[in-house]
Amino acid sequence: MKGTVEKHGNRWRLQFWYLRQRYRRSIAAAGVSRRDAERMLDTFIAEVKLGRIAPGRTPTVSDVLAHLQRSLVNRGIKSPKFYASHIRTLDESLGHLKADRLSASDIETHKERRLGAGRKPATVNRDLQVLRQAFRLAVRQRILLEAPPFDLLREDNARQGFVDDATLRRIVAGLEARKTHEHGGEILCDAHGDFTLWAFLSAWRRGEIRNLQWESVDRGAREVRLATTKSGKPRTLALEGELAEIIERRWAKRAYTTQRGKRTHLSRYVFHVQGKPIGNFRDAWSEATRAAGVPGLLFHDLRRSAIRELRKAGVAESVAMSISGHRTNATFKRYDIVDTEDQRRAIRERATATRGSVVSLKSGDGGQ
């Protein structure tokens, strides 16, 4: 199959016939050579053969977003809900526009619309990052020749929540002492306490802890091996100290009895309530954090606190990242936040070291 590439004014016209249907596309000629336009035509023909483009229709933003979604599925990328939510929002807002004519003004309009609806700058930026990813993929695969600029909004809403070890122990104690009603019976939620303590010690994401199964735990080698993670790469966590103790406690409590109390089963989940993964325990969490003197603390703040504790203990950044599961330094540093207590400690240590040096010098002078 062959097509034609012709220049008309400031645009290239691409055209070919396929199954008695004529397909046409017009692209801006500025900075685009004939060879680039011919490559664009080849990609255009391939997309038509795959049934992704209707006769005479140029790709819309909706097409570009759909192409990203297919690519994510094929590559097995995690966080499908995150992408689906933002893709749906972008499709509703910009999907009708021609992809090769999406302008900076269109993107600004989307920002204004989202902010006007009460969305935070961070949420709008996640929209734009997904859209940018979609356009970069389209350019890389020659569906488009170029992508518009994507200027992100300034974010000033980064969380600063921390919890120290002593406070965390009070939260755990509060969770372990609280009883909830599950399946019509009263069950002691000690699993919630171990679940929380594991988060503080491991810096793992909540979903990783919730979905941890015994098949990933090697008690003999004292290791936990996660085959699938948010980053898409497997990783291993050594079981030492309290982490090993938690595993042994959960191993001893993996058995549960059905609602009618007639049959006993073994849970495949490490942290479970009646054999099911730990669900939402917002009420218990709110009560325990309030009693511990840190109302408003988020569960995700434990991940940030765990990373800070690792760094304070002198753990190398690369090792800390291997424990927490961060792939890039930039993302890790978003969690490795220094608070005023860290600063106070550093200033006191420096003052102590300085005084020691002064005394040492004076002693040396007196001896000469």
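The values are calculated or read from the model by the stated rules, or taken from the named source; none is laboratory data. Being a predicted model, the structure only gives us computed values, none of them experimental. Cβ atoms come from the backbone with ideal geometry, glycine included; neighbour counts cover every protein chain shown.
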Exercise. Based on what the data block shows, is E317 assigned by TED's automatic domain parsing to the domain that holds Q213 and under 19 Å from W204 (Cβ atoms)?
Worked result: yes
Exercise. What number of residues in the range 113-151 are closer than 14 Å to R101 by Cα and among the β-branched types (V, I, T)?
Worked result: 2
Problem set entry | Considering residues of the range 25-47 that are under 40 Å from the mean Cα position of the chain (by Cα) and among the charged types (D, E, K, R) only, the residue nearest to K98 (Cα to Cα) | R25
Exercise. Quick one: is V319 closer than 21 Å to N211 by Cα and either modelled with pLDDT under 85 or among the hydrophobic types (A, V, I, L, M, F, W, C) (or both)?
Worked result: no
Exercise. What pairs come up if the first residue lies in the range 95-112 and is not assigned by TED's automatic domain parsing to the domain that holds P149, the second is part of a helix (DSSP H, G or I) and surrounded by fewer than 18 Cβ atoms within 10 Å (Cβ to Cβ), and their beta carbons are under 7 Å apart, counting only those six or more places apart or on different chains?
Worked result: none
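Return yes when V163 is over 17 Å from the mean Cα position of the chain (by Cα), of a type in the set (A, V, I, L, M) and under 24 Å from A99 (Cβ atoms) and no when it is not.
Working: over 17 Å from the mean Cα position of the chain (by Cα): yes; of a type in the set (A, V, I, L, M): yes; under 24 Å from A99 (Cβ atoms): no.
No.
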